[in-house]
């Protein structure tokens, strides 16, 4: 068992990790990578994650549906925000979305030399785990965090993946052990554990509590968003993804 | 209870935190901040933490006892390394030490605008907790980590402090909750929990396993190292420290 699984707890620490040749799972549970799973499951053709509002606006001008969130809220002048419920809309079928969020889209663009980049979420947890068990490459989970700080929800998700893969991968470092231990403490009731999380408080203040419950739902979808060479996330099933 | 306690899990994330006006506890459990406690308890007059080997060498030329560690080992040409047992030497009494280590001394120098900077360790855990309970300022624990990555031992120490102060301070963020949860999982047997830590493996490889056990000893000393305006750490007791 030579392959490793490790966790980068914040994009601010990404320079400490090697992503080249690895499968990178980016986690922004509340809510960017969860929204991506929802959008693709509901028929969106593909999603381009972009780091800046300016870039997102340019793509809007080119005909993309433009989604932009900063500080937990939709940014004026854009078509969509960062609630999963925004993406359960039949009118988005076959559309292409450009998306920029406070943390997640930047994290997705921070691992350009990875072999494969996947947007992780609880919404397709088991399909992703099944896929990762079949691959042989090292895995790096990159938590999007909040403005550089680590957060509970992404760390818990990372811990859930580490636990699910610990018989298939060598745990690669202290951060992975921390996340695994955290998940063990929280897994009996993730929602209650997350009552203390900064982002839970932020979303409740913004009236978005139902987003929390939704983003913690396990296995609503069978396919996962994978970043392809065209710079867009596409919905892929296990057999399509194998590299 | 308006005062807060928060944790910065790596010096690489320090820009996300405000240290101005706070009490900052720097933790490099294996082994820099533990060594500092040992040295001062054994009669060393004061310790200047410096970031670079060059600066440490210059101070050696000026008459300081020079301690330098990189990658877990003493650096050639310096007087001392980073084992706590190096500092239990009567010949060091009343001497002034310049110290540079892979992680800890840089962390100590990263919070220049804090109201007070303290080198934390398990070796004087209760005296420090008793002091912090008497103060009213916000507390930021800065974990030294390992070359930018987070590590288990410093995170556990941070969690121990958060737990000990949670009735006196508001827990300030997700990182502090993570550390507290981690400590709760580990506290029954810190040493066994740390068997999986990267730095435990590193120290065992280097033949320094007894350093691990020593650095996890609780309350060997009653005084704590505090960084004073002269840029040196001095041994201070609770009443001397109050600000």
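Which residue fluctuates the most in chain B, going by a Gaussian network model with Cα springs under 10 Å, if the choices are B:98, B:114, B:144?
With Cα springs under 10 Å in chain B, the top fluctuation among B:98, B:114, B:144 is at B:114.
Sorted by average packing, counted as other Cβ atoms within 10 angstrom per residue and highest first, what order do B:188-196, A:16-24, B:155-163, A:226-234 take? All intermediate terms of the calculation are to be shown ahead of the outcome.
On the way: B:188-196: 14.0, A:16-24: 18.1, B:155-163: 26.2, A:226-234: 16.6.
Order by mean packing, descending: B:155-163, A:16-24, A:226-234, B:188-196.
Using alpha carbons only, how many degrees (0 to 90, rounded to 10) separate the axis of helix A:125-134 from the longest principal axis of chain A?
50 degrees
Report Rg(Cα)/(2.2 N^0.38 Å) for the range B:115-189, keeping two decimals.
On the way: Rg = 11.9 Å, N = 75, 2.2 N^0.38 = 11.3 Å.
Working it through for the range B:115-189, the quotient is 1.05.
Roughly speaking, what % of Cα-Cα pairs in the range B:51-100 are separated by over 18 Å, rounded to a whole number?
Values: 271 of 1225 pairs.
The calculated P(r) of the range B:51-100 puts 22 percent of pairs beyond 18 Å.
Before rounding to the nearest 500, sum -39500 (n - 2.57) across all DSSP H runs of length at least 4 in chain B and divide by the residue total; then give [θ] at 222 nm in deg cm²/dmol.
Values: 10 runs with 84 residues, N = 243.
Helices in chain B give a 222 nm mean residue ellipticity of -9500 deg cm²/dmol.
Can you tell me the 0 to 90 degree angle between the C-alpha axis of helix A:152-165 and the longest principal axis of chain A, rounded to 10?
For helix A:152-165, the angle is close to 50 degrees.
Across peptide B:195-207, what mean number of C-beta atoms from other chains lies inside 10 Å of a residue's C-beta? All intermediate terms of the calculation are to be shown ahead of the outcome.
Details: counts 0, 7, 4, 5, 1, 1, 0, 0, 0, 0, 0, 0, 0.
So the per-residue partner count for this stretch is 1.
Hey, got the average number of other protein chain Cβ atoms within 10 angstrom for residues in A:5-12? Each step should come with its number before you reach the end.
Values: counts 0, 1, 2, 2, 7, 7, 0, 7.
Taking the mean over all residues of the peptide, I get 3.
Once the label point is set 7 Å along the Cα-to-beta-carbon vector, what list of distances in nm do you get between residue B:196 and its counterparts in the other copies?
Relative to the other copies, residue B:196 has label-point distances of 1.9 nm.
Once the Cα gyration tensor of the range A:149-215 is found, what semi-axes does its equivalent ellipsoid get, as square roots of 5 times the eigenvalues, in whole Å, sorted largest first? Mind showing how you got there, number by number?
Details: eigenvalues 128, 26, 17 Å².
Computed over the range A:149-215, the values are 25, 11, 9 Å.
Determine the equivalent ellipsoid of the protein assembly as shown by diagonalising the alpha-carbon gyration tensor, then write out the semi-axes as square roots of 5 times the eigenvalues, largest first, rounded to whole Å. All intermediate terms of the calculation are to be shown ahead of the outcome.
On the way: eigenvalues 385, 103, 78 Å².
Listed largest to smallest, the semi-axes of the protein assembly as shown are 44, 23, 20 Å.
If you take the alpha carbon radius of gyration of the range B:1-73 and divide it by 2.2 N^0.38 Å, what ratio comes out, to two decimals? Mind dumping the intermediate values first?
Working: Rg = 15.3 Å, N = 73, 2.2 N^0.38 = 11.2 Å.
Compared with the compact-globule rule of thumb, the range B:1-73 sits at 1.37.
Among B:45-54, A:118-127, A:201-210, A:25-34, how do they line up from the highest to the lowest mean number of other beta-carbon atoms within 10 Å? Spell out each step's value before the answer.
Numbers: B:45-54: 19.3, A:118-127: 24.1, A:201-210: 13.5, A:25-34: 30.2.
In decreasing order of mean packing, B:45-54, A:118-127, A:201-210, A:25-34 become A:25-34, A:118-127, B:45-54, A:201-210.
Between copies, how close do the residue A:2 label points come, placed 7 Å along Cα→Cβ, listed in nm from shortest?
Copy-to-copy label distances for residue A:2: 6.0 nm.
For chain A, place one equal point scatterer on every Cα, skip the solvent, and apply the Debye formula. What is log10 of I(q)/I(0) at q = 0.07, 0.15 Å⁻¹?
The Cα Debye sum returns log10 ratios of -0.19, -0.96.
With axes computed from alpha carbons, what is the tilt in degrees of helix A:32-41 against the longest principal axis of chain A, rounded to the nearest 10 within 0 to 90?
Roughly 70 degrees between the two axes.
Express in % the proportion of alpha carbon pairs of the range A:49-193 at distances exceeding 27 Å. Display every interim value, and only then the final one.
Values: 3148 of 10440 pairs.
The answer is 30 percent, as a whole percent.
Between residue A:222 and residue A:62, what FRET efficiency follows from the Cβ-Cβ distance if R0 is 41 Å, with the result rounded to 0.05?
Working: r = 31 Å, r/R0 = 0.77.
Efficiency, from the Cβ-Cβ distance: 0.85.
How many Cβ atoms of partner chains, on average, are near each residue of A:172-185 if near means within 10 Å of its Cβ?
Taking the mean over all residues of the peptide, I get 6.
Could you pull the copy-to-copy label distances for residue A:45, with points set 7 Å along Cα to Cβ, in nm to one decimal and sorted shortest first?
For residue A:45, the other copies' label points sit at 7.6 nm, shortest first.
How high is the relative contact order of the range A:4-230, in percent, with contacts defined as C-alpha pairs under 8 Å that are six or more residues apart? Walk me through the numbers before you get to the answer.
Numbers: 463 pairs, mean separation 75.9, N = 227.
Contact order relative to length: 33 percent.
Coordinate-derived values only; no laboratory data. Nothing here was measured: the structure is a model prediction, and the numbers come from that model. Cβ sites come from the backbone with ideal geometry, for glycine too, and all protein chains shown count toward neighbours.
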